[in-house]
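What follows is one structure encoded as structure tokens, with my remarks underneath.
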Amino acid sequence: MGYGKGKGGGRGRKGSGDRGSGGKGGGQRWWDPEWRAAKLAEMRANRGDHNSQELDIQDMLQQLDLFKNTAKEEMHIRENYGREGAEQIHQLASHLHLHSKAYGRGRSTVLVVSKKPLPNYRADLDDRRESHEVSMSADTRALVASALCHQPRHVQQDGAGRTLPDGVLPPPGLAAPGRAPAASGSKRLLQDAIASEPITLDSEGLREEQRRQRRSPIVQDMLEFRKKLPAFHKKTELLAAVGSSQVLVVSGETGCGKTTQLPQFLLEEAIEAGAGGGVNIVCTQPRRISAISVAQRVAQERGEQLGRMVGYQIRLEAKRSAETRLLFCTSGVLLRRLVQEPSLQVVPGAALSRCL
């Protein structure tokens, strides 16, 4: 074990004067770029890749040439040819004026050869991505959506336990047919706030039922109260204005009855005219509590159970059925419906409350 002389006559570092050539260094010179590159190449050669296949360059060249003369846009190579094989494929693709890029890591690596430039990242080739886009035809989407609409639905939550945002609705035009009981949002996902295909009720039967309800003592008492509201005395004028206008703005003092009476006027007139089976009226409210309270009040004035002809729809809570013809909801519910169906053809009239 020797010591080399350092500057100033002091002892140098352990080894023979040639840096790193003695002692435990074993002749390694990692500080030398050329030596390091050669050593790494030797280590890779000794280690080898037992899972890789040997690349047949001539066969691959034929495959790439055949691909170039077809209508296909991309060619995916999933075989493991190792790093050297992948580099050779890149060179072959470049020679044929094709673009190539490797995606993924390890065993999931996919080598893509394309006739067009390739991006640095492809989500469809990333095995770490939990979800992938699925392409379906219009008929297939309709079948899947219809099947989901007929399955029991529950309130959905994210990983943090937060519920879905306001106005989550099933796809338009796929409402479950037939009569459905009033649903509560505490254990079920929100049903369609504005049914795309409401059941066709017996208009004549609705008219007879409405006339029978008006003769009941409870409805008579409620009618006396309604007559005291300023809006009640404008019933004829309001109905005439609605019938002659595409858009109507009704302004009145708080408590005049515009929110509770005008929707009732529209519903009562449609039923009395024998068109109640196909009417569908929506009235929005700025807050959830107001949507519930107004719906309860209107149902009480009509002398019927809440959730049948009159119902409400708010975030994660609904009291309505397939027979509902007057629905009070939050603005978010209606906006969500408008996104799905901008024309909103299934709603003959929508009354907006306190929109300014």
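The values are calculated or read from the model by the stated rules, or taken from the named source; none is laboratory data. Keep in mind the model is a prediction, meaning the values are calculated, not measured. As a convention, Cβ positions derive from the backbone with ideal geometry for all residues, glycine included, and neighbour counts pool all protein chains shown.
Among all residue pairs at least 6 apart or on different chains, which show Cβ distances below 8 Å where the first residue, located in the stretch 308-321, is crowded, with 24+ Cβ neighbours inside 10 Å and the second is assigned to a strand (DSSP E or B) and of a type in the set (F, W, Y)?
That search, which allows pairs on different chains as well, returns V310/F328; G311/F328; Y312/F328; Q313/F328; A318/Y312; K319/Y312; R320/Y312.
Can you tell me which of (1) farther than 19 Å from A240 by Cα; (2) in contact (Cβ under 8 Å) with a residue 40 or more places away in the chain; (3) surrounded by fewer than 18 Cβ atoms within 10 Å (Cβ to Cβ) is the one R297 doesn't meet?
Condition (2) is where R297 drops out.
So which residues in the stretch 48-62 are assigned to a helix (DSSP H, G or I) and surrounded by fewer than 16 Cβ atoms within 10 Å (Cβ to Cβ), if there are any at all?
Correct list: I57, Q58, D59, Q62.
Looking only at the stretch 205-249, how many residues end up being part of a helix (DSSP H, G or I) and either of a type outside the set (D, E) or outside the structural domain of R308 (by TED's automatic domain parsing) (or both)?
Of the residues in the stretch 205-249, 29 are part of a helix (DSSP H, G or I) and either of a type outside the set (D, E) or outside the structural domain of R308 (by TED's automatic domain parsing) (or both).
Is it the case that some residue within the stretch 18-32 is outside any strand (DSSP E or B), at pLDDT 55 or above and charged (D, E, K, R)?
yes
Considering the stretch 208-265 alone, what residues qualify as being within 39 Å of the chain's Cα centre (by Cα), of a type outside the set (V, I, T) and surrounded by 12 or more Cβ atoms within 10 Å (Cβ to Cβ)?
Across the stretch 208-265, the qualifying residues are L248, G257, K258, Q261, L262, P263, Q264, F265.
Looking at G4, G8 in this structure, which one is in a helix (DSSP H, G or I), at pLDDT below 85 and not assigned by TED's automatic domain parsing to the domain that holds V110?
G8
Looking at (1) within 20 Å of K228 (Cα to Cα); (2) modelled with pLDDT under 90; (3) in contact with an Asp or Glu (Cβ under 9 Å, 6 or more places away or on another chain); (4) of a type in the set (V, I, T), which one does V250 not meet, given that it meets all the others?
(3)
As an exercise: evaluate G278 against (1) buried (at least 24 other Cβ atoms within 10 Å of the Cβ); (2) touching a residue at least 60 places away in the same chain (Cβ under 8 Å) and give the number of the one condition it does not meet.
(1)
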